[in-house]
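Each remark here refers to the structure printed beneath this line.
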Amino acid sequence: MSDTQSSQHILSVTVENKPGVLSRVTGMISRRGFNIQSLTVAPTEDEGLSRMTIIVEADELGFEQIEKQLHKLVSVFRISDFSEEDAIERELVLFKVQSTPDRRHEIIEIANVFRAKVVDVGKNTLTIEATGTVSKLDAMENLLRGYGIRQLTRTGKIAMGRGHDA
């Protein structure tokens, strides 16, 4: 009996660092009717390889289908599923916050509490860079909303196995 309840799956996929690989991987997933909720791609310590962190919502049967199809792609070397594992997960966010000079210190204090950095100061804005778990960044966003977020951009999750895992 298969579980038909959808859940979030975090895949770390090591692929060839070549043109067209990203398109083949994402096309394969979307052609099967799955939506990619988050996607990050960057070269690894080996310049010939890239690591894709892909987050998809799927039931167990659908997720198995995605994994099997990914393994068939020639450009895919390794797939790690961090959905059930103890993995290190992080995300980066940039907040551009409305900031009058008299309230700047309050916003900087919030950034300090979350171990974030002020990376730009404008006449009426502060831009803050923060990294951490999704829950940490969501909490920070909720506090900054009270000051007026002018722009926000998030990278999506990246993940890596703990200890000796890849």
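The values are calculated or read from the model by the stated rules, or taken from the named source; none is laboratory data. Since this is a predicted model, take the numbers as computed values, not measurements. So basically every Cβ, Gly included, is an ideal-geometry build from the backbone, and we count neighbours across all protein chains shown.
Just a few scattered comments:
- Region 129-166: number of residues that are without any contact (Cβ under 8 Å) to a residue 60 or more places away in the chain and either assigned to a strand (DSSP E or B) or aliphatic (A, V, I, L, M) (or both): 14
- Selection of region 115-139 for residues being surrounded by fewer than 17 Cβ atoms within 10 Å (Cβ to Cβ) and closer than 21 Å to residue 89 by Cβ yields 115, 117, 129, 131, 133, 134, 135, 138, 139.
- None of 119, 76 is of a type outside the set (Gly, Ala, Ser) and at pLDDT 95 or above except 119.
- Being more than 20 Å from the chain's Cα centre (by Cα), at pLDDT 95 or above and either in the same structural domain as residue 49 (by TED's automatic domain parsing) or loosely packed, with under 12 Cβ neighbours inside 10 Å (or both) holds for only one residue in 112, 142, and it is 112.
Residues are listed down the side, and each one gets a yes or a no for (1) of a type in the set (Asp, Glu); (2) out of contact with any helix residue (DSSP H, G or I) (no Cβ under 9 Å at 6 or more places or on another chain); (3) free of Cβ contacts under 8 Å to residues at least 12 places away in the same chain:
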| position | (1), (2), (3) |
| --- | --- |
| 14 | no, yes, no |
| 32 | no, no, no |
| 41 | no, no, no |
| 51 | no, yes, no |
| 59 | yes, yes, no |
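- Qualifying residues in region 54-86 (those that are loosely packed, with under 12 Cβ neighbours inside 10 Å and basic (Lys, Arg)) - the one farthest from residue 17 (Cα to Cα): 68
- Qualifying position, being crowded, with 19+ Cβ neighbours inside 10 Å and either hydroxyl-bearing (Ser, Thr, Tyr) or in a strand (DSSP E or B) (or both), among 51, 90: 51
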